[in-house]
Amino acid sequence: LDTPEYAYFFANKWADILRVKRRNQPDRAYGTFAFHTWIREAVAADKPYDEFVRDILCAIGDESKSPPTVWYKEVRTPENFVDDVSQVFLGQRMACANCHHHPYEKWSQDDYWGLAAFYARVGRKNLTVAGFDPQRGQVQVSVVYTKTTGSVQNKRTGQPAAIKPLDADPMTVAPEDDPRQKLADWMVDPKNPFFAKTVANRYWAHF
């Protein structure tokens, strides 16, 4: 399995899952290729899965130095964050709980917006980098950073949502901390009933 073909194959699989796409937008080409290369190198280096997910979930910086930030070009809202994180990494479809209690699962609106609250301090801006692209002279790259404040509104209560993982108690996150790191800590904990099961099911389904 220690071959470039193996790494490229599974990099393509993960690129599809994470929606690493140019979408016919020339300004997304560099970041798309950089993220795909990062995924391929992570697979080839046998990066532990928990580290792989944390690097994506908690990505910070600009796409030229931190390719996983490209994921945040697709994940642009708290709703995108919940839907992607819950389905891709936790094996749970949460979208129905955005507006009402999930009709087939136990998840409530409080569960949905508690997960969305981990995204509340994600900031983004564009940075012009001269000479970044030799063909265009300069280009804007997206930068992801962590703010010291921020909240999302729980649609059920109309109040700021408490930061809360699934089936867990609310968390308090200090202004200097990144709530996403707290989410990653909870996700990769061996006691988490969703994380390992989801990736095992994903690979089992493939094989």
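The values are calculated or read from the model by the stated rules, or taken from the named source; none is laboratory data. The shown structure was predicted, so the numbers you read here are calculated from the model rather than taken from an experiment. Here the Cβ is made from the backbone with ideal geometry for all residues, glycine too, and neighbour counts use every protein chain on show. The area values use the complete protein model at the heavy-atom level, side chains included, leaving out ligands, DNA and RNA. Shrake-Rupley method; radii C 1.70, N 1.55, O 1.52, S 1.80 Å.
The table for this structure:
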{"read-out": "Rel. contact order, % - alpha carbon contacts under 8 angstrom, at least six apart, segment 136-207", "value": "17"}
{"read-out": "Where Rh is the Kirkwood radius over Cα pairs, Rg/Rh for segment 7-121", "value": "1.01"}
{"read-out": "Candidate residues I60, I163: accessible-area rank, largest first, probe 1.4 Å", "value": "I60, I163"}
{"read-out": "Average Cα contact separation per residue, segment 73-207, under 8 Å, 6 or more apart, as relative contact order %", "value": "22"}
{"read-out": "Shape category assigned to segment 137-207 from the gyration tensor of Cα positions, a/c cut at 1.5", "value": "oblate"}
{"read-out": "Heavy atoms of S151: accessible area, 1.4 Å probe, square angstrom to 10", "value": "80"}
{"read-out": "FRET efficiency for Y104 and L127, using Cβ-Cβ distance with R0 set to 35 Å, rounded to 0.05", "value": "0.20"}
{"read-out": "Heavy-atom accessible surface of the chain: percent carbon and sulfur, 1.4 Å", "value": "51"}
{"read-out": "For the chain: rounded, prolate or oblate by the Cα gyration tensor [a/c cutoff 1.5]", "value": "oblate"}
{"read-out": "MRE, 222 nm, helices only [DSSP H, n ≥ 4, -39500 (n - 2.57), over the chain, to nearest 500]", "value": "-11000 deg cm²/dmol"}
{"read-out": "Nearest-10 value in Å² for the accessible area of V82, using the 1.4 Å probe", "value": "0"}
{"read-out": "Span from the segment 14-65 Cα centroid across to the segment 138-207 one, whole angstrom", "value": "18"}
